[in-house]
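A.B. asks: Below you'll find the structure I mean.
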Amino acid sequence: MKINKLYLANVEVVSDPRWQSRPILKDIMRIFALAATVVALPAHELLAFNVNQTRVLPFPTQTVSTIPSNGDVNPYGVAFVPENFPTGGKLNPGDLLVSNFNNANNIQGTGTTIIDISAGGSTSLFFQGTAPLGLSTGLAVLKAGFVLVANCPTNNQPPVAGAAAGSLLLIDGNGNLVNTFTSSEIQGPWDFSVYDQGGTVWVFVSNAINGTVARIELVFTGGNFALKSATTIASGYTHHADPATFEVAPTGSAFDSQNGVLYIASTGDNAVYAVPNALNLRSSKGTGTVIYADQAHLHGALAMVFGPNGDLLVSNSDEFNTDPNQPSEIVEFTVKGQFIGEISVDPNLGGAFGLKASKVTDNVYHFAAVDDNANNITIWTLNAGN
């Protein structure tokens with residue numbers, strides 16, 4: 001079967017009838033329910049089904065600790081290493097990277113490490129930077145062979161410490177820091193998404209300090225990336241330092257390159273917005289248009305990605321509109337604002353944050369989500385069938 005592919009941010013989404021309009025989170029919940037009633041499987045396995053659910057296949061799932069040897073905690077950013085990533089360094093296709101935001105003393109905005117989880121589940125240290133750093137939710141593996149991570153360190157200003165201006169860090173495939181990008185448009189980079197075209201990478205940075213989203217253009221030249229331009233394209237989102245969550249601000253974003261729309265999750269507004277023409281805007285167009293403000297299911301929208309079916313998946317901080325019956329939720333909804341489903345990654349509030357989806361083969365996808373209460377990450381395998 002020929003599959004038409006559409007690249008959305010750094011997630012490859014497949015326009016195939018096996019995935020379209022197929023709820024990803026409901027698949028996961030159905031997988032767990034049927035695993036308990038259809039066959040007896042070990043706790044470390046889940047089931048994946050073809051679209052007609054005529055057969056059942058065992059597919060592995062993994063839950064892995066994200067704590068490195070220096071004791072950093074509070075995992076935030078998540079990024080898969082793609083199949084075509086240049087080999088010869090520390091990273092291999094199929095690896096999963098996770099950035100830590102807190103140090104061993106659990107102080108927010110002081111984490112300096114990125115861990116590498118192999119396809120087999122073993123962990124190693126990929127990067128350890130020099131303080132002061134606070135590696136936040138923005139994390140991406142670039143086609144040119146680099147890793148980009150958001151640095152949102154603490155400003156150490158009582159009574160409520162929040163974000164310092166920070167930077168974007170460029171790291172090579174061996175875990176060496178090769179460049180640091182700063183700009184007046186980078187103000188506490190809380191998360192980002194990328195549109196990666198190899199020689200040019202556009203980074204949509206959500207800023208905690210001023211509640212804006214900036215488009216950063218990086219150009220590959222002479223074996224390294226250089227910052228070519230920086231433009232604020234959205235603004236006006238609720239933002240402030242917070243003693244529990246460090247910052248309340250715009251967080252996750254997802255770019256639809258086919259339609260030019262950037263979707264932005266704003267925690268304090270508890271809503272998801274759409275900003276059109278995001279790649280070409282020369283100034284801020286405000287917050288954009290609200291596409292999803294579901295008070296029954298949103299509890300402080302955080303990180304956000306596209307699923308393989310084109311739906312949006314957003315984690316929730318439980319800082320706003322708290323519901324003890326919906327702790328640490330990841331919510332799935334369409335770009336038209338229709339609720340699809342939700343799952344909890346932790347029985348307690350406040351555990352959901354970074355998440356990512358990645359294509360493995362034409363039929364198989366991985367979906368990964370951190371639990372920063374437990375300091376681990378779970379990786380599910382989803383199957384579209386034959």
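The values are calculated or read from the model by the stated rules, or taken from the named source; none is laboratory data. Keep in mind that this is a model prediction, so the values were computed, not measured. So basically every Cβ, Gly included, is an ideal-geometry build from the backbone, and we count neighbours across all protein chains shown.
A.B. asks: In the range 156-167, what count of residues is obtained for those that are surrounded by fewer than 24 Cβ atoms within 10 Å (Cβ to Cβ) and within 20 Å of the chain's Cα centre (by Cα)?
C.D. replies: 1
A.B. asks: Still on this structure, please answer the following. Report, by residue number, each residue of the range 221-245 that is charged (D, E, K, R) and under 26 Å from LYS143 (Cβ atoms).
C.D. replies: LYS228
A.B. asks: Return the residue satisfying two criteria in turn: it lies in the range 301-338 and is part of a loop (DSSP other than H, G, I, E, B) and of a type in the set (D, E, K, R), and of such residues it is nearest to GLU247 (Cα to Cα).
C.D. replies: From the range 301-338, those part of a loop (DSSP other than H, G, I, E, B) are 307-311, 317-328, 334-338; that's our starting set.
Narrowing further to those that are of a type in the set (D, E, K, R): 311, 318-319, 323, 336.
On the way: ASP311: 26, ASP318: 13, GLU319: 11, ASP323: 20, LYS336: 28 Å.
Per the stated criteria, the residue is GLU319.
A.B. asks: Here is a further query. Name every residue in the range 284-300 that is in contact with a strand residue (DSSP E or B) (Cβ under 9 Å, 6 or more places away or on another chain) and in a loop (DSSP other than H, G, I, E, B), in order of residue number.
C.D. replies: Within the range 284-300, the first condition is being in contact with a strand residue (DSSP E or B) (Cβ under 9 Å, 6 or more places away or on another chain), and the residues that meet it are 284-294, 296-300.
Passing the criteria: SER284, LYS285, GLY286, THR287, GLY288, ALA293, ASP294, ALA296, HIS297, LEU298, HIS299, GLY300.
A.B. asks: Looking for whichever is in contact with an Asp or Glu (Cβ under 9 Å, 6 or more places away or on another chain), on the phi < 0 side of the Ramachandran plot, surrounded by fewer than 15 Cβ atoms within 10 Å (Cβ to Cβ) and polar (S, T, N, Q) here; the options are SER118, SER69, SER124. Which one fits?
C.D. replies: Only one candidate passes the filter, namely SER124.
A.B. asks: Identify, by number, the condition in (1) at pLDDT 95 or above; (2) farther than 15 Å from GLY173 by Cα; (3) in contact with a strand residue (DSSP E or B) (Cβ under 7 Å, 6 or more places away or on another chain) that ASP95 doesn't meet.
C.D. replies: Of (1) at pLDDT 95 or above; (2) farther than 15 Å from GLY173 by Cα; (3) in contact with a strand residue (DSSP E or B) (Cβ under 7 Å, 6 or more places away or on another chain), only one is false for ASP95: (2).
A.B. asks: Another question, if that's okay. Take the residues in the range 339-372 that are in a loop (DSSP other than H, G, I, E, B) and buried (at least 18 other Cβ atoms within 10 Å of the Cβ); name whichever of them is farthest from the chain's Cα centre (by Cα).
C.D. replies: Looking at the filtered set, the residue picked out is ASN363.
A.B. asks: Any residue at all in the range 275-283 that's at pLDDT 95 or above, closer than 19 Å to TYR195 by Cα, in a strand (DSSP E or B) and out of contact with any helix residue (DSSP H, G or I) (no Cβ under 9 Å at 6 or more places or on another chain)?
C.D. replies: yes
A.B. asks: I would also like to ask the following. Please tell me if VAL275 is touching a Lys or Arg at 6+ places or on another chain (Cβ under 7 Å) and farther than 18 Å from GLY138 by Cα.
C.D. replies: The answer is yes for VAL275.
A.B. asks: Might you check whether a residue that is buried (at least 22 other Cβ atoms within 10 Å of the Cβ) and farther than 30 Å from GLN258 by Cβ occurs anywhere in the range 168-187?
C.D. replies: No, the range 168-187 contains no residue that is buried (at least 22 other Cβ atoms within 10 Å of the Cβ) and farther than 30 Å from GLN258 by Cβ.
A.B. asks: Shifting gears a bit: Of VAL331, VAL335, which residue is aliphatic (A, V, I, L, M), within 26 Å of THR66 (Cβ to Cβ) and either buried (at least 19 other Cβ atoms within 10 Å of the Cβ) or in contact (Cβ under 8 Å) with a residue 60 or more places away in the chain (or both)?
C.D. replies: On the way: VAL335 fails: within 26 Å of THR66 (Cβ to Cβ).
Every option except VAL331 fails the conditions.
A.B. asks: Go through the residues of the range 123-131 one by one and say whether even a single one is within 18 Å of ALA369 (Cβ to Cβ) and either at pLDDT 95 or above or not in a strand (DSSP E or B) (or both).
C.D. replies: yes
A.B. asks: Shifting gears a bit: Here are the criteria: (1) closer than 24 Å to ALA368 by Cβ; (2) more than 19 Å from the chain's Cα centre (by Cα). Tell me which single one LYS336 does not satisfy.
C.D. replies: Tallying (1) closer than 24 Å to ALA368 by Cβ; (2) more than 19 Å from the chain's Cα centre (by Cα), LYS336 fails exactly one: (1).
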